[in-house]
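Here the structure is laid out as structure tokens; the discussion comes afterwards.
The values are calculated or read from the model by the stated rules, or taken from the named source; none is laboratory data. Every value quoted in this text rests on a predicted model; they were computed, and no experiment measured them. In this analysis, Cβ positions are derived from the backbone assuming ideal geometry, glycine residues included, and neighbour counts consider all displayed protein chains. What goes into the accessible areas is simple: the full protein's heavy atoms, side chains included, and nothing from ligands, DNA or RNA. Shrake-Rupley method; radii C 1.70, N 1.55, O 1.52, S 1.80 Å.
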Amino acid sequence: MAEILQKIFRVNRYIGFCVSVIFFLAGRNIVAQSNVWPDYLNVPENTDEEQQGDSSWLRFDNRLSWYEKVNETNTIDWRFENKKNSFSQQSHYFLKMDNRESREHSYSLPGNFMRKNVLGPSGKIGFEWIPKLNYKVRDDSSTFHSTVDIGPVAEAKLFSVPINVRTGVSTDVWEEAMEGNNIFSVFENQSWDAGYYLESEFGDYSKPVFNMPFYFTLRASGRSIRNAGLGLVMGNALYTKEIGLGDSIVIHISDSLSNGKESYLNQGTMFTTSPWRILHNFSITGGIKSAERLGFRLLGYYRYNYRTITYPSGTDLYNDMKGKNNKATLLLSTQNRYFFNYNGGIELGWNDQDWMYKNKNIKTRIIKSDGNNNSLVAAENREKMLATANNKDNLTFAANMEHNVIVPLFYKFSLYYNFRIFRESKKYSNYYLLIDYGKADTIRNQLESDGVDNFHHIELSRRDSNSMLQGGIYCDYGKVVMHNLRKSLSGISNIRKNMKIGGFVSLSLNKLYLSEELFFQGQKFDYIFKKLHTEPSARPQQQRDFYSLLSSSWTFNDNVKLVCSWNERYGDDGRWYGKEYVIDEDERSDYYAIQTKKNDYAITMHIETAFTHFKILAGGTFRDTYNKSFDADDSIYVPVLEGYRYIPFIECETMLSGFYFKFKIKRDFNTVDPELWNKYKNWDFTFLMQKEW
């Protein structure tokens, strides 16, 4: 088992971290590209078999960074391996220090010893140890936490399917409120507890099973300590098959179940346990890839996801939820047969969330109150909390489409067009009646919305890395329309428009390179219900910016290169005084009132020198900023941000006696910073040292 420690850490993290991440991501509506085949439907890359024989090393890595806060990472990796045994020991140290507030030290020392060729050529058995320590120092109080996992590990193959098992005992030592920063007080007032763990992995997702197009892995983990136990089972399977004429189908299934509660450090001072919860997430995807026909290739897949989260003993949380997500996608692309190249796709999704799905007594609840919720009897208060949770039930429909077209033209010019549009509609159907002093009020969820986001990009350009001259012009236009369907929030329904127009050109001679990009971009914000925003401070905002990005480089010889850039921006922002927003007939309307004018530029110059064993990059950036804001009393623009920044820097990189060193130092001189000369601020210091034997 050449890299057993990596597997140990990967499985161990499933216990606490991965469970929460999986369910968090599954519950989000992510606006992804609709013209991309998902990675989890691709055949995994097959890794090479582990090489037998000697494989030993000693690696050292130290990284230090200081930019107001100090971060240091130190890693030592020692491994010895031959045909009979393998030994691995790692050391990881991390320091995070705020020189005025706190310091945090983290240290881990994982290692293992494995005996090879036990009960067969693929059998391995050994012992592992994973001690961890975390020490947080504060002026008022500090905390200490340490865990140690120790126990046997084994690896084998059953009918060529790998099996990994690790088990053992775990100890937890902590001190919740240490006085001052004396770490030795841990030995006087510490608390501790012991537990156990068992983790196993069956299968290898990167290799097919019995040389068939079937890939799977199954992981099971369990841990119990400090009156908190958590179990997790996760599995993934992928099956692919060609069905003739170049077509193929693919089926992917994943399932995970987590049951229990965790121990954690609450607000950095007290150890506590999370509520008992059960998380279940199941998904199945079926797809088809067609062969090329008439120059086109069609791909499609359908995905169904079912997830639940329940709190069996935490009824006061009202966070039980069941979700059903469906997604259907079609992709189409050309295969270099026509005068154009195309790829695009369309995606439809519909999702259903059901909160407190095990407590659906009646759809409409009648709750009585005297105006003070605290005076409700317990039964009525619970009914209100339950009804409020039920009001989060929602049905979401989403449609996403994207098209890309490239038309090659004359002299290596190409015409490129991209169009994207996305719509999402969310509806909340539940409600309840709240009777307050004899008056009934219907309580609904006010977050119902319907939004459309579309974007266009067109470009005429010549992009050829082998050509001396390149350039092009382009235009972007985007529009977002958001409707809030409930009356209470309908006033913020709005339309946002974005536009960008620009061009670029670059010239590459023997030793000289020049490039320039000019573009204008603007944003216009508008309300749908304009009469609700007649106050001057509530009128819609607008913004305009003009950019110039100039860069150049001159290569003197193989060892010396000079690089320069000049980036400049002119911009303003303000509010639109349209006639729909102006009630007073005598007030001027239909004009753009500029509130802030902005002008800033940055000039960067550095020189690069590269020799056989030594590299230096040195230079600096000068940035001048000048902002003016409109003063309504005097009807003039007055400076509000006027100053400059100078940032010199130097980077060195070298190899000495097998050691690799990299050093960087940078200082930010900002004239608008009141702590400009504070010796602990505005420094960026980085040091890296690596060595491998």
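Values as computed for the structure displayed
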{"quantity": "Output for the range 479-521, where each listed residue is within 30 Å of V560 (Cα to Cα) and in a strand (DSSP E or B)", "calculated": "F504, V505, S506, L507, S508, L512, Y513, L514, S515, E516, E517, L518"}
{"quantity": "Selection within the range 200-253 - open to solvent by 70 Å² or more (accessible area, probe 1.4 Å) and charged (D, E, K, R)", "calculated": "K241, E242"}
{"quantity": "Qualifying residue in the range 301-314 (condition: open to solvent by 70 Å² or more (accessible area, probe 1.4 Å), of a type in the set (S, T, N, Q) and in contact (Cβ under 8 Å) with a residue 12 or more places away in the chain)", "calculated": "yes"}
{"quantity": "Number of positions in the range 254-274 that are closer than 30 Å to N325 by Cβ, at pLDDT below 90 and open to solvent by less than 60 Å² (accessible area, probe 1.4 Å)", "calculated": "3"}
{"quantity": "Unique match (being among the aromatic types (F, W, Y), closer than 26 Å to D684 by Cα, within 30 Å of the chain's Cα centre (by Cα) and buried (at least 16 other Cβ atoms within 10 Å of the Cβ)) among F144, F94", "calculated": "F94"}
{"quantity": "Selection from the range 484-523 of residues that are open to solvent by less than 70 Å² (accessible area, probe 1.4 Å) and closer than 21 Å to T534 by Cβ", "calculated": "N484, L489, S490, G491, S493, N494, I495"}
{"quantity": "Residue selected from the range 610-626 under the condition surrounded by 15 or more Cβ atoms within 10 Å (Cβ to Cβ) and among the polar types (S, T, N, Q), by the criterion nearest to K662 (Cα to Cα)", "calculated": "T621"}
{"quantity": "Hits in the range 82-97 (condition: assigned to a strand (DSSP E or B), out of contact with any Leu (no Cβ under 7 Å at 6 or more places or on another chain) and not charged (D, E, K, R))", "calculated": "N85, S86, F87, Q89, H92, Y93, F94, L95, M97"}
{"quantity": "Residues located in the range 99-131, provided they are buried (at least 18 other Cβ atoms within 10 Å of the Cβ) and basic (K, R)", "calculated": "K116, K124"}
{"quantity": "Every pair of residues 6+ apart whose Cβ atoms lie under 7 Å, when the first sits in the range 191-210 and is in contact (Cβ under 8 Å) with a residue 40 or more places away in the chain while the second is open to solvent by 20 Å² or more (accessible area, probe 1.4 Å) and among the β-branched types (V, I, T)", "calculated": "Y197/T167; F202/I163; S206/T47"}
{"quantity": "Which numbered condition D558 fails, given (1) modelled with pLDDT of 90 or more; (2) of a type outside the set (K, R); (3) part of a loop (DSSP other than H, G, I, E, B)", "calculated": "(1)"}
{"quantity": "In the range 627-663, the residues that are modelled with pLDDT under 85, under 30 Å from M689 (Cα atoms) and open to solvent by less than 70 Å² (accessible area, probe 1.4 Å)", "calculated": "G658, F659"}
{"quantity": "Candidates D316, D354, filtered to the one that is modelled with pLDDT under 95, closer than 15 Å to D393 by Cα and of a type in the set (D, E, K, R)", "calculated": "D354"}
{"quantity": "Residues (farther than 30 Å from I458 by Cβ and polar (S, T, N, Q)) located in the range 487-536", "calculated": "S488, S490, N510, T534"}
{"quantity": "Selection count, the range 334-351, where residues are in contact (Cβ under 8 Å) with a residue 60 or more places away in the chain and closer than 15 Å to V407 by Cβ", "calculated": "6"}
{"quantity": "Boolean, N62 is more than 27 Å from P121 (Cα to Cα), open to solvent by 50 Å² or more (accessible area, probe 1.4 Å), of a type outside the set (A, V, I, L, M) and at pLDDT below 90", "calculated": "no"}
{"quantity": "Strands (runs of 3 or more DSSP E) within the range 393-464 that include 3 or more residues under 34 Å from the mean Cα position of the chain (by Cα) and surrounded by 16 or more Cβ atoms within 10 Å (Cβ to Cβ)", "calculated": "394-408, 414-427, 449-462"}
{"quantity": "The lone exception for N372 - which of (1) modelled with pLDDT under 80; (2) open to solvent by 70 Å² or more (accessible area, probe 1.4 Å); (3) in contact with a strand residue (DSSP E or B) (Cβ under 9 Å, 6 or more places away or on another chain) it fails", "calculated": "(3)"}
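Each row is one residue, and each column tells you yes or no for (1) open to solvent by 40 Å² or more (accessible area, probe 1.4 Å); (2) not in a strand (DSSP E or B).
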{"site": "Q542", "(1), (2)": "no, no"}
{"site": "D545", "(1), (2)": "no, no"}
{"site": "L549", "(1), (2)": "yes, no"}
{"site": "S552", "(1), (2)": "no, no"}
{"site": "V563", "(1), (2)": "no, no"}
{"site": "E568", "(1), (2)": "no, no"}
{"site": "G574", "(1), (2)": "no, no"}
{"site": "E580", "(1), (2)": "yes, yes"}
